[in-house]
Every structure is written in structure tokens, then in C-alpha cells.
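Trainee: Can you keep this structure in mind? I'll have questions shortly.
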Amino acid sequence: MRHRSILEYAQFRWFKGAVALTCLAAAAYLWHDPPLKPYGGTWLGYTLGTIGAVLILWLLWYGVRKRRYRSTSGTVQGWLSAHVYLGTALVVIVTLHTGFELGWNVHTLAYLLMLAVVGTGLYGVFLYLRVPRAMTENLGVETQAGILLKVNDLDREIRAKALSLPDSVLALVDASLKGTRLGGSFSRLVTGRDPSCPTAAAVTRWAEASRRLTGDAAKVGKETYALLLRKQQLLEQARRDLRHKALLDLWLYFHVPLAFMLLAALVAHVVAVFIYW
Amino acid sequence: MKVLLTIRAGGRVQSKKPVSADWLRVGRNASCEIHLPDPRVALEQGMVTRPDEGFMYVAGEAGASDISRKGVRQVRLAPGEPVDIGPYRMELLPPPSADYDAAIQLDLVRPLEAASDLATRSSQLTLGSLGLTKRGAAWLWALIVLGLFVALPSGRVLDLPWRDAAKVSTFGDRFWNPGPLMLAHQPIAQDCGACHETAFERVKDRTCLECHARIGKHLAPHAQPAGLFEGARCASCHREHKGVKATHRDDDGFCVACHRDLRSRSAGAAALDASDFARDHPAFRLSLPGEAGVRRVRMGVDAPVEASNLTFPHDVHLAPEGVRSPVQGRMKLECRGCHQPDAARQGFLPVSMAKHCQECHALQFEPAVTAREVPHGKVSDALVVIEEFYANLALQGVPDSFRKAFGVPGEGLLRRVGEPTPSERESALKLAQRKARQVGEEMLEVRVCKTCHAVTRAPGHSPATPEWRIAPVRASTEWMPQARFSHRAHPHVKCAECHDVATSKRSADVAMPSIKTCRGCHGGSRPAEGRITSNCLLCHGFHDTRYPWDPLFTPRSPQRASGRVADAR
């Protein structure tokens, strides 16, 4: 059976629902003839605002629902599909709620936060559509643990071989053996690169360092170099995988805190509106 | 030489083999006879040689400080005198059997620490392992927003302990302001509490009336039956935070809510229903001054006639070939020759006899003799001037004037030689009086006044001593008082496009434009091709501007209210 993404869940049920909701809101907005001009305080403005606020609370509830493994209210796929589509529809509902009245105030802050949350969410959807395929292409049947084991084997082999090489070459190999690492910092995880990787340095500087090898040493040198290249390949593969995992994770570090910031701004918005009614 | 080579590590023998060569190279290189597989050992660290007597260790590579005594390049090997080679300790032992020249034992005294593998060095493989936290950030930001935009600003209105801080803070309640205030309210824009006094309560009318104390009523008492505007607040119509110029609602729904079906709201309403200027608006009503005061006349229904009591044919004055002016000769009159805009350029100044008519319509009574004119105004004043003129002529007139005026030869009484006799006096007086009466009568009834005015003889006077009444002039100056029409706003429209007077022969003709004329350019409140979108408030104000809305007003009795409605019809 072909894999169906959450976007196609139940024959696009939530896509249709979101489109219907959006069209309904847009039609009401066009039909509505507000006194003065459209804004959040007309009856339609209050209606759209209430729908928007309920949607925001419901979208936040997804974070709770997805952790309730024993819940029987729909499937998590269904919830996520609805989360994505209704979250996108929220942009239209809330924009119409504002009546395009923006300014330097807490109300616009809530609006911008809403846009930011939906924007990061859509970025997350984009990532989840792209990155898993890239992960499969990168790793194939390999696993990260498998790569680590392979690198360790290579290390042993390299260590044994490199002993027959002169100090200058051995130093390169030794640095690669002792100093190579995966992850460890935000930039290394997110970029999938380690500009100070000793293995990469060893590979780059190998030609220079091994120029004067002759005879048996040259042969051992070549073999060591081949092993180093293989090791570097494995490291790059592992780093790409770490990067993919970091990317799948990173957007949530914006999406989730922004969502709670939005919840706070929503509270501020509603309080501000009704405290000075 | 042949030696038995033993390499030990951690007290255990790792290898034990005979080696025979002329010399024994020591190093980590696999080709070394004494092969020490340790990265701390140089590739070819040194060499064991056997010159004539005994064994020597010679350091090989530069910098390989592997000999116990520093600075020594070579050292003699002897049992009990070990030599350090990197982490190894080399010692010469006596030969185990006659086959050997010696035995060499190497002990790994400083074993290589187990190299950490990649997995142990790579412990931070996820963002979570770096100490980043979603939950912490969520709490932090949510609390910052709640603190800055809820807790701090509500200090004033909820009377919280940081009440004073909230007042001066840049993060006071001003970030709650949803939109710009109208210009007049901007001085108090930073002080939300000026209007928003109590939390979770709408702004009270009392708050508005604190400043707008003298605003009075918004509705004539008769237009406000009890209950019709019940519950209405200042803010029902006057919206704030909707831009610097928006002072009130100006949508048609504002008016049409009642005026679509006015009778259902107010049984005594005088106005007809209206909901849209283009589709549903009654014909205009005109205000026509009459004997009984101003009448309101519906155009197209009542065929309005202006009873101005003036005779004025527009067609004669606007004749394409012009009019003959005694001063300027033939000249073409324009509308603005008589209808001059007022200072606001909205309407026009009243037409004035002295300014606009008298140059042609001179009030001369004896043009053959004098250019003098009677004053425009009271009949008696004019008659007195005439009487005095002829009396003076009878007394002092020169023969030429005397003859022209009285039609008989002679001269003024006082010009004659000698004292006039009583009969001469009497006859001169009679001559003057008769002539004055004749001229006055002719001026009023035939020649001058009659041209424009309705002149009648007052009843109860003998034909010999008549008195006249000139009908009071009631030219309308405010035809449509309920409409806010500005001529200034219509400078590109020619007068005749709205006011068709070129063929009007009578002053009774009303040349006010009908609603059809206006609809030629003005549409309703919905935009339409080729029409100016025109809502109610483009032409109308809110009821009677003399009575600003007073929410505290209650009519004294229903009778009083409905009685006034009848008056207004």
C-alpha cells in the first residue's frame, strides 16, 4: 500500500473542512456591511474572533492529545492532519477578524505571533515532507549505531597501520583517532558539518604529509589513506543524519514556545478588549 | 649476533622469539627487528649494535629522547642497567643458552591508555542533549508576555500594588490601544483612564459629558418619542479608536435602521421612508415662505409655486441677445451678476435692489427734469420725496423745468417779481400737490414700482387720497434646509444644469433641481458605475443639529411630544 501522508488523511477530510471554513468566513466578511469599517468589534468581528480563539486553544490541545497514547478520540494522524489544515485556516479567520486594522499594540502582537506560529508550523510540515526521504536516501539500510561501530573498526585498523608511518603522518592519524566527534554543538548539529573535524583535516593534509613516503611505507600510507577516506565518508553520512534529525526537531523549538507566547498574547488581547470595554 | 627477544606488557609475555641480525633496529615500524607497536615510539627509534665487546644502544631519530641519561646519543647496555625507549624499558639479560649472544627484554612500563571510541566522544547527538528546552522557553516567553501586557498595564484600572508604576511605565496600558484616537481626543490618548474608568465596564455617557458639558440635546423633543432611543449611548454612534478623523458612524445602516420604515418606529413621524438615495428616497421637499410662514412642499406631488410677490421673468433677463442697460448699453447678464456666493461659498447672498437691480431699474420719478430717485423701501418715504420735489419746483423752479414738470409755462413762486398773493400761493401749492399725487400714483401703479412689485390700493381710502400696499417680498433663501448642499463642492457644474430658468417667464416658477437631477451624478450607498457613491450623511445631518442628542432627556408627556409632530408636518 502506498504511504499516505497526514496531508492526505481520510481523503483530504480536513483540507476540505478548512477550505469550507475559510470560504464561509470570507463570504461572511464580504457580505457583512459594518458600521464605519470592519474591525474586531462588530458582531462578525466577535464571531470570527471567538472562532479563532477556540481554534487556537484546540490547536494547542494537540500537544496534549499526541501524548495520550490511550486516548480513543480519533487517531493522532487525524489530529495532526486537522492541526495542520485548521491551523492554516486560522490565518484567514484571524486576518478577517482584524479587519486589516493593525498597529503598535498588544492586539497586533497576538496577530503577528499567530502568523509566526503558523509559519513555523508550515515550515515543520515542509520539513516532514522532505527530510524523511532525504534521511532514507542518506542512510539506506544503515543505522547510526551501525556507522559508529564501523568507524570504531576502521579506527582500530587505521591505528594498527599508521604505526608504521612517520611521526608527521602518524600525528594526523592520531588526531583523527582521538579528536573526531559527532554533534556536540548547535551549529555542528544543524549544519551537519564540523569545520574542525580532524579526520577531514587528515584527509586534506595527507598528500602533503605523505609525499616523502617510499617503499613499504608508501604502500601502508596509501592503505591508511583509503581507510581514512572511508571513515570520513561514514562521518559525513552520520553528520547528515544528525542534521536531518536536528532539523526535524529544531522548528519545534520555535513552534512550541511561540505557541505558548501566542496563548499569553491572546489572553492579553482578550483582557485588554474587555477590561476597557 | 643472535638474541632472544622478549616483549612483555602488564607482566605478561607478549612475544618471545629469537632474532639474529647484524644490528637490531628498534621502532614501531613493522620492519624493525625490535618492533614496538606503540604510537609513542618513533618509527625507527634507535638501534642495538654489537661492536667489539658488549652491546650498545644508539638513539636513531632526532629528538627521540629514549635514553636514561639525557644528552647521551648512545649507551652501553649491561644487565641491571635498563634503558627507557618510549613507554618501554629495555634491559640486556645474560644469554639463556649458548646459542644466543644475549637476551633482550622489553617491558611496557607505561601502557597506552585505552583510546576512547567515537561513540563515547559523541554524547550530544540531539538538540535536546545540548540543553535546549521547549518547555522552559514556552514558560519564559508566556510569562514575559503576560507580565508586560496583562499584569503591568492592568495595575491602574484594577488598583494593583504597582498602580503608580503602570502609569509612568512605557509598558503601561497604552499598548492596549486598538487604534488611533480622533484628533481632538489625542491630548488624552496616553491616559486611558480618562474615559475607561472602571474595569470591564463600557464607557459611560457621563464621562463624555464631563467635557462636553454644554452639548445639549441631539434631537428635537418632538422627534424623540419615549423609548425610541432607549439604551442608546454616546458611543452607540460616536466611535473611538477608529482613526484620527472618524467621529461617528457614517454608514447608511445607522439611519436606515429606523428610516426604512419610520412609521413602525414612531407613529407620528413626518418624513417619508428612505433607505438608499439611488433606489429608495422620496422626492425633495422645498421650504416655501408664505403668508402663514414657511410651508414644506413636496416636489413632483404638490407642484410647488413660489409666492415671492415679485414680478421677475428670468427669460427676459437671461435673453441670449442681452438686455439694454441705461448705463452700459446692451449687455448680457450672467447668473452670478445677481446671485453672488456667500462667504462660505455654499449658498448665495440675497439679491439686493440697490446692488443688482437699480442700475437698470432706476427709481426716477421725473426723468425729464432730474435724475433723482425715490428711496427704495417704504411707500410713504418715496411719496414724501416726490411731494417735496414738486413743492420745491413750484417755489423755486426755473421756467424750463417748471414747464417740463407741470406742463404749463411759468416759474417758481419765489422767482416771480413781487410778493405772491395768497391766491398765487394756493394755486402753486395745489399745482405741486396734484402733480406729486399724479406722479406718485403713476410711479406706483404703472411705471416703476409695479415693474417688480405687487402694488395694491389700501382699502378704506378715497380715490382722491389713496394709500398703497406693496406685497411683502418672500423670496426663498433656504430651499432645502434639511440638506447639506454646498455650491462650492459643485464648481464644475453649470448653473443651468440644475436650475432651468432660461425659459422661465414667471417668478412663481421654482427652478430647484429635482431628485432626478441629483441622481444624474449621485448614486446610492453602494458603488455604481458612473455614479458618485452617496450615503445618507453626505447630504443629511443627524436630525436637528440645534438639538444635540441628550441621553438623559425624557419628554414630559406623550401629548406634548405628538403635538409637536403635527406642527412639523
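Trainee: Report the residue count in the range B:238-278 for those that are outside any loop (DSSP other than H, G, I, E, B), within 11 Å of chain A (Cβ to nearest Cβ) and of a type in the set (A, V, I, L, M).
Mentor: 2
Trainee: Among the helices (runs of 4 or more DSSP H) lying completely within the range A:161-265, list those that include at least 2 residues that are within 13 Å of chain B (Cβ to nearest Cβ) and open to solvent by 10 Å² or more (accessible area, probe 1.4 Å).
Mentor: Counting at least 2 such residues, we get A:167-179, A:186-191.
Trainee: Okay, next question. Would you mind stating whether B:P481 is closer than 30 Å to B:F277 by Cα and in contact with a Ser or Thr (Cβ under 6 Å, 6 or more places away or on another chain)?
Mentor: yes
Trainee: May I ask you to say which residue of A:V91, A:V117, A:V131 is within 12 Å of chain B (Cβ to nearest Cβ), in a helix (DSSP H, G or I), aliphatic (A, V, I, L, M) and over 30 Å from B:P39 (Cα atoms)?
Mentor: A:V117
Trainee: While we're on this one: Taking B:A166 as the residue in question, decide whether it is outside any loop (DSSP other than H, G, I, E, B) and surrounded by 17 or more Cβ atoms within 10 Å (Cβ to Cβ).
Mentor: Judged against the criteria, B:A166 is a match.
Trainee: Could you say whether any residue in the range B:10-17 is in a loop (DSSP other than H, G, I, E, B), modelled with pLDDT under 85, open to solvent by 30 Å² or more (accessible area, probe 1.4 Å) and more than 19 Å from A:A162 (Cα to Cα)?
Mentor: So far as the range B:10-17 goes, yes, one or more of its residues are in a loop (DSSP other than H, G, I, E, B), modelled with pLDDT under 85, open to solvent by 30 Å² or more (accessible area, probe 1.4 Å) and more than 19 Å from A:A162 (Cα to Cα).
Trainee: Moving on to the next point. Given the conditions (1) farther than 18 Å from B:A102 by Cα; (2) open to solvent by 30 Å² or more (accessible area, probe 1.4 Å); (3) away from chain A (no Cβ under 14 Å); (4) touching a Leu at 6+ places or on another chain (Cβ under 8 Å), and given that B:M47 satisfies all but one, which numbered condition is not satisfied?
Mentor: (1)
Trainee: Just the residues that are over 25 Å from B:R457 (Cβ atoms) and polar (S, T, N, Q), please, taken from the range B:396-446.
Mentor: B:Q396, B:S401, B:T421, B:S423, B:S427
Trainee: Step by step: first the residues of the range A:134-144, then only those that are assigned to a helix (DSSP H, G or I) and in contact with a helix residue (DSSP H, G or I) (Cβ under 8 Å, 6 or more places away or on another chain), then the one that is modelled with the lowest pLDDT. Which residue is that?
Mentor: The residue in question is A:Q144.
Trainee: Looking at the range B:162-183, which of its residues are free of Cβ contacts under 8 Å to residues at least 40 places away in the same chain and farther than 21 Å from A:A264 by Cβ?
Mentor: B:R163, B:D164, B:K167, B:V168
Trainee: Hey, any hits in the range A:46-58 for a residue that's at positive phi and either more than 14 Å from every other protein chain (Cβ to nearest Cβ) or open to solvent by 30 Å² or more (accessible area, probe 1.4 Å) (or both)?
Mentor: Looking for residues that are at positive phi and either more than 14 Å from every other protein chain (Cβ to nearest Cβ) or open to solvent by 30 Å² or more (accessible area, probe 1.4 Å) (or both), one finds none in the range A:46-58, hence no.
Trainee: What are the residues in the range B:271-327 that are within 30 Å of B:T533 (Cα to Cα), out of contact with any strand residue (DSSP E or B) (no Cβ under 9 Å at 6 or more places or on another chain) and modelled with pLDDT of 90 or more, if any?
Mentor: Selection gives B:S275, B:D276, B:R279, B:D280, B:H281.
Yes or no, residue by residue, for (1) open to solvent by 60 Å² or more (accessible area, probe 1.4 Å); (2) among the hydroxyl-bearing types (S, T, Y); (3) not assigned by TED's automatic domain parsing to the domain that holds B:A454:
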residue	(1), (2), (3)
B:P481	no, no, yes
B:F485	yes, no, yes
B:H499	no, no, yes
B:K505	yes, no, yes
B:A508	no, no, yes
B:S514	no, yes, yes
B:R519	yes, no, yes
B:H522	no, no, yes
B:F542	yes, no, yes
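Trainee: Another question, then. Output the qualifying pairs, or none if there are none: Cβ atoms under 7 angstrom, residues six or more apart or on different chains, first residue in the range B:354-380 and open to solvent by 40 Å² or more (accessible area, probe 1.4 Å), second residue at pLDDT 90 or above and aromatic (F, W, Y).
Mentor: B:R372/B:F389
Trainee: While we're looking at this one, here's another question. Condition first: within 9 Å of chain A (Cβ to nearest Cβ) and assigned to a helix (DSSP H, G or I). Now tell me which residues in the range B:153-162 satisfy that.
Mentor: B:S154, B:V157
Trainee: Testing A:R65 on (1) modelled with pLDDT under 95; (2) under 29 Å from the mean Cα position of the chain (by Cα); (3) within 14 Å of chain B (Cβ to nearest Cβ), one condition comes back false. Which one is that?
Mentor: Answer for A:R65: the failing condition is (3).
Trainee: What's the number of the condition B:H317 fails, among (1) in contact with a helix residue (DSSP H, G or I) (Cβ under 9 Å, 6 or more places away or on another chain); (2) surrounded by fewer than 12 Cβ atoms within 10 Å (Cβ to Cβ)?
Mentor: (2)
Trainee: Which ones in the range B:327-349 are over 17 Å from B:V501 (Cβ atoms) and either among the basic types (K, R) or touching a Cys at 6+ places or on another chain (Cβ under 6 Å) (or both)?
Mentor: B:R330, B:R345
Trainee: Every residue in the range A:266-277 that is open to solvent by less than 30 Å² (accessible area, probe 1.4 Å), part of a helix (DSSP H, G or I) and at the interface with another protein chain (Cβ under 9 Å from one of its Cβ atoms), please.
Mentor: Selection gives A:A268, A:A272, A:I275.
Trainee: Right, another one. So, in the range A:150-160, of the ones that are at the interface with another protein chain (Cβ under 8 Å from one of its Cβ atoms) and of a type in the set (A, V, I, L, M), which residue ends up nearest to A:Q232 (Cα to Cα)?
Mentor: Checked the range A:150-160; the qualifying residue nearest to A:Q232 (Cα to Cα) is A:V151.
Trainee: Identify, please: which residue in the range B:140-152 is touching a Phe, Trp or Tyr at 6+ places or on another chain (Cβ under 7 Å) and facing another protein chain (nearest Cβ under 7 Å) and is, among those, most open to solvent (accessible area, probe 1.4 Å)?
Mentor: Among them, the one singled out is B:W141.
Trainee: Hey, another quick one. Please find, within the range B:248-293, the residue that is surrounded by the fewest Cβ atoms within 10 Å (Cβ to Cβ) out of those that are among the charged types (D, E, K, R) and within 23 Å of B:P513 (Cβ to Cβ).
Mentor: B:R279
Trainee: Out of B:T198, B:T120, which single residue is among the β-branched types (V, I, T), part of a helix (DSSP H, G or I) and more than 8 Å from chain A (Cβ to nearest Cβ)?
Mentor: Residue meeting the stated conditions: B:T120.
The values are calculated or read from the model by the stated rules, or taken from the named source; none is laboratory data. Just so it is clear, the model here is predicted, and its values are computed rather than measured. Every residue, glycine among them, receives a Cβ derived from its backbone with ideal geometry; neighbour counts consider all protein chains shown. Accessible surface is based on the protein model in full, side chains and every heavy atom, while ligands, DNA and RNA are left aside. Shrake-Rupley method; radii C 1.70, N 1.55, O 1.52, S 1.80 Å.
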